[in-house]
Protein chains: 2
Amino acid sequence: MFERLDLVAERYAQLQTEGCALIEQCDGKEFFTKDRWNKKIGSGITRVLSDGEKIAKGALNFSRVTGDLNEGMSEALGVKAGKYAATGISTIFHGRNPFVPTIHMNVRYFAFDNGVEWFGGGIDLTPVYIDTSQAAAFHLQLKQVCDKYHPDFYPEFKSWADDYFFLKHRHETRGVGGIFFDRQQPGTDLDFDRWMEFTTELARLYPLIYSELVNSNADKPYSERESEWQKIRWGRYAEFNLVYDRGTKFGLESGGNAESILISLPPDVKWHYKFQVENGSREAQTQKLLKKGIDWIGMG
Amino acid sequence: MFERLDLVAERYAQLQTEGCALIEQCDGKEFFTKDRWNKKIGSGITRVLSDGEKIAKGALNFSRVTGDLNEGMSEALGVKAGKYAATGISTIFHGRNPFVPTIHMNVRYFAFDNGVEWFGGGIDLTPVYIDTSQAAAFHLQLKQVCDKYHPDFYPEFKSWADDYFFLKHRHETRGVGGIFFDRQQPGTDLDFDRWMEFTTELARLYPLIYSELVNSNADKPYSERESEWQKIRWGRYAEFNLVYDRGTKFGLESGGNAESILISLPPDVKWHYKFQVENGSREAQTQKLLKKGIDWIGMG
């Protein structure tokens, strides 16, 4: 059972090492911690970077778990099976400067005792202030990778991200989206090796995209106003992760390492009652763009 | 259908007015806003007090809703029925001084089209720093009200609160607990009038308890260290409300007013990776007491 788990886990662990090295270079000051954890359900390596020069808080985590599916997990996954195995890397970085967007990436592999295997993943970008040309460049980079594997991937996975990274109760998207895909069974669009290649390429693209965004934005001047807006937007990020994010739910339900799972939460958050953006302000411009279905590439 | 909804809603609306007046007196500076909302599902009055002298942020909300039970709501309520009606008041206050505990109270009435009616409610206290004699006094006040209605209420509802206000993923309680009860059908322990009286008495007790706690603690000196711990504990509060709280889930699922529902979130939150309390510190003493099954009254 779970014959190919080792293969994927080994690859993802290596991508964690590579990614951390690149992100450390990008920050230029702080280094990642390296906490190995072992629990009944499996093991993982949590790598956290806090209080960096450019990065306020973030992590690039690897885990590999197996176990029985309980009811909450079945529901979070939308599958009925007895035992499961999963491995993945999952990462989020929150910048110090409010003009550095928050970025998230996850690639994952699931296998179930009924023989079903899945790949899933996604990358999405959550700017505190949306810069449409940066959003366009981001989407174009994702499209270029997607197009190498399947012509339908970018449009399909872009629209999936719009639906997934959405705060229903706020009627707003988390940010400018990106791509999201789940439950992709090897043998349908791609075979196992190509799915692994696709997720590998996404995991390798991620630190490059992020370094570019940090380089372009981390030295922009800002004041208390932008910091305040950052904390408000980070509040929405926390709402999304705690209310909707399936990875977070699955992790907490499966008895995963709470500190590793919740490392995705922003460092500093404010919740005001009925915060109102000023008409015509940069904050209002960002607010207006938190919508599904925007053709970001066309806006670039 | 829903013959007694008006009666309960009228009472609860009146309790909102009374409670706000007392809490304003307690703060001594700020007043509550009064936002009436009307949506397809019903209406409510959101009353928020922000940036007070003693109170950092809080609200005392009234709502009255009806609608069809969708799947998420059925699950949040644990009931299968077609239409429902509900009314309740719900309130949380976060103090400015870290020695003022966060307090929460909710009383609610549900009616379903299958003829079932429920009362539910609860009061719980979440100190940033636990003061055992204040926790004992708090529990004693709750016990005294409970005992007037049924000898089993306090022990049963106290233990229910321990289970309900619990962060499973942190293996810790939200605070020192209190009482919690749900799905209490008129006719079993008490008749309809007595249930309404019981919830009324709890709603009237709440501002008195809170004013006492504010008076005793709001002038205690504190430094950056206590403020930092306050933000960390408020982070746990946000985790509880967004991940576990059934009222929040039900509200968001039923398409309620997001700003009114999420007013429960603390004003200012920090999430550090693996925050460690110092051995023997006041923070460590509080951490140790975040457990189920403590006989608070016996500790007073």
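Given +1 at the Cβ of Lys and Arg, -1 at the Cβ of Asp and Glu and no other charges, the dipole of segment A:178-300 around its Cα centre is 540 debye to the nearest 20.
Quotient of the Cα radius of gyration of segment A:107-197 and 2.2 N^0.38 Å, N being its number of residues: 1.19. Shape of segment B:250-300 from the C-alpha gyration tensor: oblate (a/c of 1.5 or more and a/b not above b/c, with a ≥ b ≥ c the square roots of its eigenvalues).
Protection proxy ranking of B:192-204, A:91-103, A:58-70, A:285-297, by the mean of other Cβ atoms within 10 Å over each peptide's residues and highest first, is A:91-103, A:58-70, B:192-204, A:285-297. Which residue fluctuates the most in chain A, going by a Gaussian network model with Cα springs under 10 Å, if the choices are A:Ser254, A:Ser211, A:Ser223? Residue with maximal mean-square fluctuation among A:Ser254, A:Ser211, A:Ser223: A:Ser223. For the residues of B:261-271, the average number of beta carbons from a partner chain within 10 Å of their own beta carbon is 6.
Overall form of segment B:1-159: oblate. Here a/c, set by the Cα gyration tensor axes a ≥ b ≥ c, is 1.5 or more, and a/b is not larger than b/c.
Other residues within the sphere of radius under 15 Å centred on the Cβ of A:Met1, judged by their own Cβ, net out at -2 (K and R +1, D and E -1). Put simply, the C-alpha atoms of segment B:5-299 give a gyration tensor, and the ellipsoid matching it has half-axes of 30, 21, 19 Å, longest first. The Rg/Rh ratio of the protein assembly as shown, with Rg taken over Cα atoms and Rh as the Kirkwood radius over Cα pairs, comes to 0.97. Taking 31 Å as the limit for the C-alpha separation, the pairs B:Lys57/B:Lys291; A:Lys288/B:Lys270; B:Lys270/B:Lys291; A:Lys39/B:Lys143; B:Lys34/B:Lys270 exceed it in the case of A:Lys39/B:Lys143.
The helix-only estimate of mean residue ellipticity at 222 nm for chain A, built from DSSP H runs of length n ≥ 4 each weighted as -39500 (n - 2.57), is -13000 deg cm²/dmol after division by the residue total.
Every number in this text was worked out from the coordinates using simple rules, so none of it is lab data. Here the structure is a predicted model, which is why all the values come from computation and not from measurement. FYI the Cβ positions are ideal-geometry reconstructions off the backbone, even for glycines, and counts take in every protein chain you see.
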